[in-house]
1. When the convex hull of the C-alpha atoms of chain B is computed, what volume per residue in Å³ does it have?
2. With axes computed from alpha carbons, what is the tilt in degrees of helix C:117-129 against the longest principal axis of chain C, rounded to the nearest 10 within 0 to 90?
3. Could you pull out every whole DSSP H run in chain A that spans at least 27 Å of Cα extent along its own axis and averages 0.0 or higher on the Kyte-Doolittle scale?
4. Straight-line reach only, C-alpha to C-alpha below 24 angstrom: list the lysines that C:LYS55 could link to, leaving out same-chain residues fewer than 8 apart.
5. For the residue pair C:GLU290 and B:ARG13, what label-to-label distance in nm results when each label sits 7 Å from Cα along the Cα-to-beta-carbon direction?
6. Return the whole-Å distance between the Cα centroid of the range B:88-131 and the Cα centroid of the range A:244-314.
7. Based on Cα positions only, what radius of gyration and what Dmax would you give for the range B:160-262, in angstroms?
8. Between A:GLU206 and B:VAL222, what is the spin-label point distance in nm, taking each point 7 Å from the Cα along the Cα→C-beta axis?
Amino acid sequence: MLGFVLKRLLQAIPVLLITSLLIFVGMRLSPGDPAAMLAGNDASAETIAAVRSRLGLDQSYATQYLKWLGALLTGDLGRSMVSGLPVSRIVGERIAPTLELATGGLVASLLLGGVLGTLAGLQPNSLLDRMVSAVAALGLAAPMFWTGMLLVAVFGVALKWLPPAGRVPFSQGLGAALASLAMPVATLAIANAPVIMRFLRDSIQETRRADYVRAAHAKGLSKTVVARDYIVRNSLIPTVTAAGILLGNLIGGAALVEIVFSWPGMGSLLVSAMGNRDYSVIQAVLLIAVFGFVFANLIVDLLYGLLNPRIRHADQH
Amino acid sequence: MPTSTERTSRGRRGFVIAVVFLLIACGLALLAPVLPFAPYTKMTTARLMPPSFNAWFGTDQFGRDIFVRTLWGLQVSLVIAGAAVLTSLAIGVPLGLVAAYFGRWSDSLIMRGLDALLAFPSLLLAIGVAAIIGPGAVSATIALGIVGVPQMARIARGAALAEQQGLYVDAARVVGVGPLGIMASHLMPNILAPVVVQATLYFAIAILTEAGLSFIGLGVQVPRPSLGAMLSDSRAYTVSAPWYALAPGLTITAVVLALNSAADGLRARLDPQR
Amino acid sequence: MTTMIAAETRATAGASFEVDGLTVRFSGKTAVDNVSFRVAPGEALGIVGESGSGKSTTAMGAVGLLDPEIAAVEARHVRLDMTDLRGPGAPRAGILGRRIGVVFQNPMVALNPVLTIERQLTDHMRQHLHLDARAARARAIRLLGEVGITDAARRLSFYPFQFSGGMLQRITIAMALACDPELLIADEPTTALDATVQAEVVDLILSIRRSRGLSLIWITHDLALLNRVADRVAVMYAGRLVEIGPADVLLDHPAHPYAAGLLASVQSLWTGEGAEFLTIEGAPPPNGPEMPGCAFAPRCPRVFDRCATRPPMASTPADAAHGVACWLFDPKVQA
């Protein structure tokens, strides 16, 4: 298991390097001159040049990249090209709200998708299976931000059960915080639970036909035990890999959901930074999102290894 | 308990319904220019009207017919998503074929490079690309086209690897058919089925992602209508005109649903073993 | 340890097993057609046939191990001693896994990859015999010893992937024996194993059968093996039972032309007479179980007009215990 962990950690490093390079090059290819923007509309060529040299934009790309990378390792994300504030501070305020949202969405999607997928998979072609599959197909097809808007219109505006937008931090009361989190999380879950649900359902369908399941029936085990220990347990392992797909959807989806619910997270920060071409902020947000995604996938991989005895006990034979 | 024939007939019916719906939707979207109300015409006397006989899904904040604008928006979505699918096919399939055929270092180089793209959550990658090129229809197309490449290349590579085991590929090689010839005339036709299924699935994803991009203002720019931008506009009128979001939202959902069902149906027919 | 004593003191622990009129259909298509046989207490019945002849389906269908979603099983009755396993009010629980043990073809896939051997050896024990964890563990260690696995206490914590195929088959045999069954069904238990291990597994099952006095159903396509393992032999062809009788009689003087052909081909292989070895022309008909006449008629060297109607299973004139489904042995034809 230790070897497996080390191997996965080492594999993550080149991915992170390449993605950081892609982000860096991408930002440098962007139209518009950040120095000119920062210097203001009627700045002289000298002023712009001064700003450029202050930002280090007059150095070679290679130098800029290495400097940027070096700064990254010390946690320095540069300064906002618009407000001049340290990017780490701007981004830092936004990380917790996004993590809240993504974690809530992940947990809700796994629970909802896990339970429905299991029920549907164990009773294929039953009424329940067909209903769950139909709802799942709708959930996959509806644009996440539209689902969120419908929820707002119904539960926020018409019924007034939940606050239609905004975030209440947990420090200001658990109930209010959870109420503000409920609709954004539900939006993420409606779109993402179907991914887990379908994967688990298909996986269970396949496992049901496995020889060891028939052998379990031959032992006269009760249906519950066969379903729990033999079918579902084995179906969960491949489903863990689907959680990786889910994480990507959640990170991207959180950006849209944050807009719909005026949630002060990284997604709304990214969109506003795109609006005023604040490249250092865009760069930082993308970088953090990718690092988070790679890291989360790493955890998924490790979890997969932990659940799979073949990897967990690879050292003993 | 449904028998297997009942099940397949239900699946077939779903597939036919999906395809018929898609044809009608495409037809309406293409017909949008000749329908009575032009989308840019402002009928300032009838702002935010609820659905009525004259305007089936109501009118927007400028008094424009939401149904007609939705059809125009759908046209834009279909064109952008379709072009994005073609782009990802044009880049992804050759990459996958080359990786599969030549193997070794070209395989690792191509696939590792694509893995790096996969490290970006797809919507963020699209946002990133759109940010670099600047907002607009062309940049949305390019962004979505790039986002689709890794998956397309993987599918093509996987199918081509499986096909290469076939004796006929060896036979072609023995009689002196070159790599290009083998890829074009032997591998291409045989990987068509999984690639078509993936293209259909990606069409659906591209429509959803395009809507997301235009929702945050990175897609088609005003005054051209787009479904995502309409939904974004409607947020200001959740209280006064709750029907505003209905037509664009339903349209995206229905088209994506139909594309997903069509992909499932195609998979069942073209690729029965998977 | 009362259960342990029970297992060792029973001279013949075997029960009789009777299948009457078993028919299995897969989505409307008949795979096993009206098969009947009886296994006496402590007796070993070998069911032999080509792949696709329905021999496994017969056994699995009889004990209810076919997926009800794809298989429709009918039978007048299936009885273990006096207990009917089918029909209304049949005790579904407590028969399979407890009084009937099953060993499958491929041990590499017959064990749950994510559970330890201990868990898989004891979960049904604990359910059927209501043992606590310690008692079940002690019993599992003893069972592993019985099937020849050394260092059992340590290996209980292992997962299936940590064993070889031969070891795994020993473990599945231990699993089948865990609740002291009265009938053991072995479904081609050696087919998936290396040739060197096959003989060991055959010996193991035979010695366990002897020491425990089990009734045994051994399903195989290997006629030669039946000489060693079976008291009686049932021959299946295209979903139908074509001949059943004492092993020594049937294997020496098969009555049904198919059984005779099968035996001749095996014997020509044994003796290696010349380069030509005997085969039966043609292949089994895919719709065999649904044919109105004898399913072997299209390939039969002795086919005649009556073969267009289906021959019933009847005793051969020489031996009441020897049944054959062939018009050649009809008294009217014989006369």
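1. 166 Å³
2. Once rounded, the angle reads 80 degrees.
3. A:2-29, A:87-122, A:174-208, A:233-260, A:279-307
4. Of all the lysines, those that pass the test against C:LYS55 - Cα under 24 Å, at least 8 places apart if same chain - are A:LYS219, C:LYS29.
5. Taking the two extended label points, one gets 2.5 nm.
6. That distance is 20 Å.
7. Just the Cα atoms of the range B:160-262 yield Rg and Dmax of 22.3, 73 Å.
8. 4.9 nm
Quick note: the coordinates plus some simple rules give every number you see, no bench work behind them. Note that the structure is predicted; figures quoted are calculated from it, not measured. We place every Cβ from the backbone using ideal geometry, glycine too, and count neighbours over all the protein chains shown.
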